[in-house]
There are 2 protein chains.
Amino acid sequence: MSAGPIRLSPGAHTALRPATAARITGGFWAARRRVNAEVSLPQGPDRLERAGNLANLRAAAGAAPAQSGFRGDFPFQDSDVHKWLEAASWQLADGGGGPAEEELSRQVERLAGMVAAAQAEDGYLQTYYQLGPDARRWAEPHWGHELYCAGHLLQAAVAHRRATGGDGLLDVAVRCADLIGTRFGPGKDETVCGHPEIETALVELYRETGDRRHLDLAAYFVERRGQGSLGDGPADGAAGPRPGAPYWQDHVRVRDATAVAGHAVRQLYLLAGAADVAAETGDAGLRDALVRLWEDMAATKTYLTGGVGSRHDLESFGDAYELPPDRAYAETCAAVAAIHFGWRMALLTGDARYSDLVERTLFNGFASGMSLDGERWLYVNPLQVRQDEEGRKATAGDRSPHRTPWFRCACCPPNVMRLLASLPHYMASGDAEGLQLHQYASGSYEAGGGAVRVGTGYPWEGRIAVVVDQVPKDTDWTLSLRIPHWARTYEVTVGGEPVAEQAEHGWLRLRRRWRPGETVVLSLPLDARLTRPDPRVDAVRGCAAIERGPLVYCLEQPDQPAGLRLDEIALVAGAALHHEHRPELLGGVTVITTPALRRTAWRDGWWPYRNGGGSGGDTGGTQTSAPVRVTAIPYYAWANREPGAMRVWIPV
Amino acid sequence: MSAGPIRLSPGAHTALRPATAARITGGFWAARRRVNAEVSLPQGPDRLERAGNLANLRAAAGAAPAQSGFRGDFPFQDSDVHKWLEAASWQLADGGGGPAEEELSRQVERLAGMVAAAQAEDGYLQTYYQLGPDARRWAEPHWGHELYCAGHLLQAAVAHRRATGGDGLLDVAVRCADLIGTRFGPGKDETVCGHPEIETALVELYRETGDRRHLDLAAYFVERRGQGSLGDGPADGAAGPRPGAPYWQDHVRVRDATAVAGHAVRQLYLLAGAADVAAETGDAGLRDALVRLWEDMAATKTYLTGGVGSRHDLESFGDAYELPPDRAYAETCAAVAAIHFGWRMALLTGDARYSDLVERTLFNGFASGMSLDGERWLYVNPLQVRQDEEGRKATAGDRSPHRTPWFRCACCPPNVMRLLASLPHYMASGDAEGLQLHQYASGSYEAGGGAVRVGTGYPWEGRIAVVVDQVPKDTDWTLSLRIPHWARTYEVTVGGEPVAEQAEHGWLRLRRRWRPGETVVLSLPLDARLTRPDPRVDAVRGCAAIERGPLVYCLEQPDQPAGLRLDEIALVAGAALHHEHRPELLGGVTVITTPALRRTAWRDGWWPYRNGGGSGGDTGGTQTSAPVRVTAIPYYAWANREPGAMRVWIPV
């Protein structure tokens, strides 16, 4: 039985099942998780106190005067608390002991108690409406976020139950879910919530409680969406546009959709929930639609970093191949949501490509969301920031490319916390044949009737050692290793001997009678490489990006020679890419250096376009170039020094 | 004395003064203006009736039951009426006579009467607040648009006065301005309006009435902005971000600013008003700031089409060189505002470059805003639309790249109408030396003590004939012709003889003792050309655009060979550009055809990025190419057939 976010029902219709036990014990992710456990998570309650979230709960519980009204700008403020509770619960589930864990446990019980106390008699719980001036409950489906908040409450409760075994928060969640079941459904209130989330939460509550009504209601919500109960919706304020039905995916049913659209987090939470429904119901039409939608997203609407959401406007997906690096929204929450969706598709289908993209998103567009010290956050994750002092001054608020201790709309920080705290869950799976390693992090994993230990310096080093500790006796058993998409070659040995098997569709399957203690060594090629975009990705035409293993690299101002502007740099095709580990830099990173050219741009005149019928290049006008050496750092580590220019895609 | 929108005071500190009479009698702009006069303007009252604007006026006047409340989504709905009144008044000022003009005159008096009747006792006039549930007048400076609406009322009244000589609407405006003067100013209410417009309007009211208090208040508003009376402001709705002080240009005083920023229309209305103030006060510091800001805009934040505003998000300017073609906002109103600002700078400084950019904006990013038939409008004017059926379905509302009969937020249509109706005003100017022709349209122009007649087929033909009809007697007089930035060569004759003078800084100044009837012929080179972007304009790297004369061209789907997708087309550097006039196409346009390549993009796989250390090109991966012939049309004429892909910048 999985101890993580997904615990499939016994009869679930998936190709793979989550590991029954998983621990990350060292390496890259252990370090990020330690920062989460020691800095980010412990700071949570104080952040929530300062932002007013806890005051709202106290006021709704009658434990504090309510006359000051609701604090915060958004109706969904409670969900920040729920998400922190979920994150902290996964951290407790991970164990470790000691005074820090005891303190975290105390904080969890304190905040869980506040949530429970705030719940109304009838099971209702959303302080925005409880403290509001009038009874608008359930009357504002477009912007009210009531089912969204309830969904996060359910997920927190499931995590809390799995971590602690206690029923307190689960009882709160069940009462809330029962209220929702009483109100919503065929022949009752047939609107859906403007922001999906309840779907995946109800399925997990079904998995935890066995109460089938929760699964049925989740399936109903998935099916109902796209039938116009929300429609174009009202504008959210006087100056804004009407969002339009695609914003909340109400323009087409999930099973009929051919392209991801609208608000990226809404779309991906919905698809994660639909994948949960398909997993439990075996609905093949729904599954096929999800495969189609994932392919549309991956092939035409995903940044090199795995980030998604091309538009600041409505925080939404763009058209196919609309992937501007500078105005990439690529919200941290959308990266989390893409990982949630991708992992569910990996379990559903068994295909390696889903975990391939999950890996890319984890190491790049997700990891960039949290600062190295765990105290500051990015809401948006662009692939280019210009050296524009005026522009920087003019860009303020949550959506600026600057790390911030907390956001007015603080959805992202606890989302990062809950994914990091539950990360072991995403590393491995099992089936009747054996165990699959989807991601490579030092640790121990139990699945498919066996247990393995992984030791690796990945992603800095390409050697991954897997010790097969336990296997079923007297039978063949399969250890499957995912070979990343970018790995054009690889080597594998078992007990020091090369193997004959070849990877197929991303899986190298090693089927044999194993001796406990036998060691498999996978070596992945970690030469730095230049990556080119499809010619339809207009915004980065003529550019390349530097990658090494699963890491996307970027040029950031502080690493370049003094006085060199990033908009002057051109890579040289075919030039050597040199890598060097720098333990003292940015918490320890491997940098890549390469010879490049410094080109002057046009500096004169008031018009940036010139007659140029001539041949070649992308320049026209007068330009000079001089040799220079540039240094690239992993994208996830950017924006941890003084603010300055950064770019992933570089002209060649 | 100018009969157009700007009538400088006698002591104004400008290099040039508007023409005292100007008529456009034939050619490109006469045709667009005829559509405006015969279709767009006459439809206005009905559009305003259907959208509820007139009902609001009747309700505020007590002439209709008010219980239905305010109609429309925006507090500034009244301004649509004011702008239509201004536009229709300029059309009446243009004369022409006949039953159509009589009917327009009747409609003007009817709507002006409704506006007058809606005004409150104290001079207040904004139906949104008059019909609102409570007395929030003047209490919502960020989003209330009260001074903005008042500004448009003042401009309508000035136009009405200049067109008809009647005082009715002017009296309404003066009462409104007096109320504002009573309320706002040093030691009184010191906030500014979230949306500039009152500044330019007060200066023009000063010019019309001679009442210096209006000028002083305008100067105060310009000076007060940037001192934090608005600050970051409240979010406009739950889901939106706080706009931040730059949104309404409250982050820095105009005279201290070094870069245009924030909401593009707000920024440019403000700068137009500041230019009016500088013109009347001779404030050199303000003038220098305006020159600096125009240069920042032109050199780093203007599209090839003259459109401005790179971001849908907050309808704002982007960073320097952030000019995405697909997500260009380039609001039609921002083009109008840029022309207003540019023309004021041309008058203030006498520099030709301002009118050079005005011409580009007029023929491209402005003219694209109105359909060829005058019945449909574009709010945004992108330079690329992809062939994405799903994306098109997912993009709804005002901000989609589809022509619409009217908008929920209908600021753009009457803005186009008022500029077209007053267009003769922008063609010529005068000074003590003579007359300057800024734009080339067949017509007659009086300025600088003389009068000329222009005859030309511009922009389709490069020959411009100017007959000098009247000149001051017995003295030298200067006819100045603007030589466009794109014209690398040109020829001029006077009385058939080539002249010795050379253009300097964009002006060819012909100073001599003229004989009435003498003819000047300017011939501009109209070979089609490829234009390249500055290498810092990342979004169109490796591309070129086709231009001819002042016209920017685009590829639109219907003109290409069947089955050819626009994202497959690559231009060939150095290939011949053939131009051909097609009188039957799109109201008569010169098209440009050129040989090009059809390249296949990557069609396989789920990931749009590939390893590619190899040299050259922007492709990597497998591609083939085949010759094909493509046809470009003028950008202004796009989106007048079935919806489909379009692009201005094409890979080379």
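From the list A:Tyr247, A:Tyr269, exactly one residue is closer than 23 Å to B:Ala645 by Cα, aromatic (Phe, Trp, Tyr) and outside any loop (DSSP other than H, G, I, E, B). Which is it?
Every option except A:Tyr247 fails the conditions.
All conditions in (1) of a type in the set (D, E, K, R); (2) surrounded by fewer than 16 Cβ atoms within 10 Å (Cβ to Cβ); (3) in contact with a helix residue (DSSP H, G or I) (Cβ under 9 Å, 6 or more places away or on another chain) hold for B:Glu121, with the sole exception of (3). Exactly one residue out of B:Gly342, B:Gly309 is under 13 Å from the mean Cα position of the chain (by Cα), more than 20 Å from A:Gln387 (Cα to Cα) and buried (at least 24 other Cβ atoms within 10 Å of the Cβ), and it is B:Gly342.
Among A:Ala299, A:Ala320, A:Ala330, A:Ala335, which is the only one that is in a helix (DSSP H, G or I), hydrophobic (A, V, I, L, M, F, W, C) and either facing chain B (nearest Cβ under 9 Å) or at positive phi (or both)? Working first, answer last.
On the way: A:Ala320 fails: in a helix (DSSP H, G or I); A:Ala330 fails: in a helix (DSSP H, G or I); A:Ala335 fails: either facing chain B (nearest Cβ under 9 Å) or at positive phi (or both).
Exactly one residue qualifies, and that residue is A:Ala299.
One residue stands out in region B:535-567 among those that are surrounded by fewer than 22 Cβ atoms within 10 Å (Cβ to Cβ) and within 29 Å of the chain's Cα centre (by Cα): the one that is nearest to B:Thr456 (Cα to Cα), namely B:Asp559. A:Gln267 satisfies every condition listed in (1) away from chain B (no Cβ under 14 Å); (2) within 16 Å of A:Glu295 (Cα to Cα) except (1).
If you scan region A:577-587, which residues turn out to be touching a strand residue (DSSP E or B) at 6+ places or on another chain (Cβ under 9 Å) and either facing chain B (nearest Cβ under 10 Å) or without any contact (Cβ under 8 Å) to a residue 12 or more places away in the chain (or both)? First the steps, then the outcome.
Start the filter on region A:577-587 by keeping residues that are touching a strand residue (DSSP E or B) at 6+ places or on another chain (Cβ under 9 Å), which leaves A:577-583, A:585-586.
Passing the criteria: A:Leu577, A:Arg582, A:Pro583.
Across region B:522-565, what is the total count of residues that are closer than 30 Å to B:Trp507 by Cβ, more than 9 Å from chain A (Cβ to nearest Cβ) and either part of a loop (DSSP other than H, G, I, E, B) or in contact with a His (Cβ under 8 Å, 6 or more places away or on another chain) (or both)? Residues in region B:522-565 being closer than 30 Å to B:Trp507 by Cβ, more than 9 Å from chain A (Cβ to nearest Cβ) and either part of a loop (DSSP other than H, G, I, E, B) or in contact with a His (Cβ under 8 Å, 6 or more places away or on another chain) (or both): 8 in total.
Taken over region B:194-234, the residue count meeting the criterion of being hydrophobic (A, V, I, L, M, F, W, C), touching a strand residue (DSSP E or B) at 6+ places or on another chain (Cβ under 9 Å) and not in a helix (DSSP H, G or I) is 0.
Of all the listed residues (B:Thr20, B:Thr25, B:Thr14), the sole one being surrounded by fewer than 17 Cβ atoms within 10 Å (Cβ to Cβ) and within 30 Å of B:Gly430 (Cβ to Cβ) is B:Thr25.
Table: residues versus (1) without any contact (Cβ under 8 Å) to a residue 12 or more places away in the chain; (2) within 14 Å of chain B (Cβ to nearest Cβ); (3) closer than 28 Å to A:Leu179 by Cα.
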residue	(1), (2), (3)
A:Thr200	no, no, yes
A:Gly231	no, yes, yes
A:Pro234	no, yes, yes
A:Ala257	no, yes, no
A:Ala261	no, yes, no
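Scanning region B:566-580 for any residue that is assigned to a strand (DSSP E or B), more than 30 Å from A:Pro533 (Cα to Cα) and in contact with a Phe, Trp or Tyr (Cβ under 7 Å, 6 or more places away or on another chain) turns up nothing.
Residue-level analysis places B:Thr191 among those that are modelled with pLDDT of 95 or more, over 27 Å from the mean Cα position of the chain (by Cα), part of a loop (DSSP other than H, G, I, E, B) and surrounded by fewer than 24 Cβ atoms within 10 Å (Cβ to Cβ). Just to be sure before I move on: is A:Tyr321 aromatic (Phe, Trp, Tyr) and within 15 Å of the chain's Cα centre (by Cα) in the structure I sent? For A:Tyr321, the condition - aromatic (Phe, Trp, Tyr) and within 15 Å of the chain's Cα centre (by Cα) - is not met. Take the conditions (1) touching a Phe, Trp or Tyr at 6+ places or on another chain (Cβ under 9 Å); (2) in a loop (DSSP other than H, G, I, E, B); A:Arg71 misses just one of them, which is (1). Among the residues of region A:108-119, is there at least one that is out of contact with any Lys or Arg (no Cβ under 8 Å at 6 or more places or on another chain) and charged (D, E, K, R)? Yes: region A:108-119 contains one or more residues that are out of contact with any Lys or Arg (no Cβ under 8 Å at 6 or more places or on another chain) and charged (D, E, K, R). Within region B:16-33, is there a residue that is of a type in the set (Val, Ile, Thr), touching a residue at least 12 places away in the same chain (Cβ under 8 Å) and within 30 Å of B:Arg403 (Cα to Cα)? Within region B:16-33, one or more residues are of a type in the set (Val, Ile, Thr), touching a residue at least 12 places away in the same chain (Cβ under 8 Å) and within 30 Å of B:Arg403 (Cα to Cα). Against the conditions (1) closer than 22 Å to A:Val358 by Cβ; (2) under 22 Å from the mean Cα position of the chain (by Cα); (3) in a helix (DSSP H, G or I), A:Glu280 satisfies every one except (2). Regarding A:Gly240, is this residue away from chain B (no Cβ under 13 Å) and either over 18 Å from the mean Cα position of the chain (by Cα) or at pLDDT 95 or above (or both)? The answer is no for A:Gly240. Taking the numbered list (1) over 11 Å from the mean Cα position of the chain (by Cα); (2) buried (at least 24 other Cβ atoms within 10 Å of the Cβ); (3) touching a residue at least 60 places away in the same chain (Cβ under 8 Å) in turn, B:Ala334 passes all entries but (1). Is it the case that region A:482-498 has a residue that's in contact with a helix residue (DSSP H, G or I) (Cβ under 9 Å, 6 or more places away or on another chain), buried (at least 20 other Cβ atoms within 10 Å of the Cβ) and under 17 Å from A:Leu435 (Cβ atoms)? Yes. Quick one: is B:Gly306 assigned to a loop (DSSP other than H, G, I, E, B) and on the phi > 0 side of the Ramachandran plot? Yes, satisfied.
Answer yes if at least one residue in region B:289-296 is of a type in the set (Phe, Trp, Tyr) and within 13 Å of chain A (Cβ to nearest Cβ), and no otherwise. Within region B:289-296, one or more residues are of a type in the set (Phe, Trp, Tyr) and within 13 Å of chain A (Cβ to nearest Cβ).
The values are calculated or read from the model by the stated rules, or taken from the named source; none is laboratory data. These figures come from a predicted structure and were not determined experimentally. Glycine also receives a Cβ, built like all others from the backbone with ideal geometry; neighbour counts cover every protein chain displayed.
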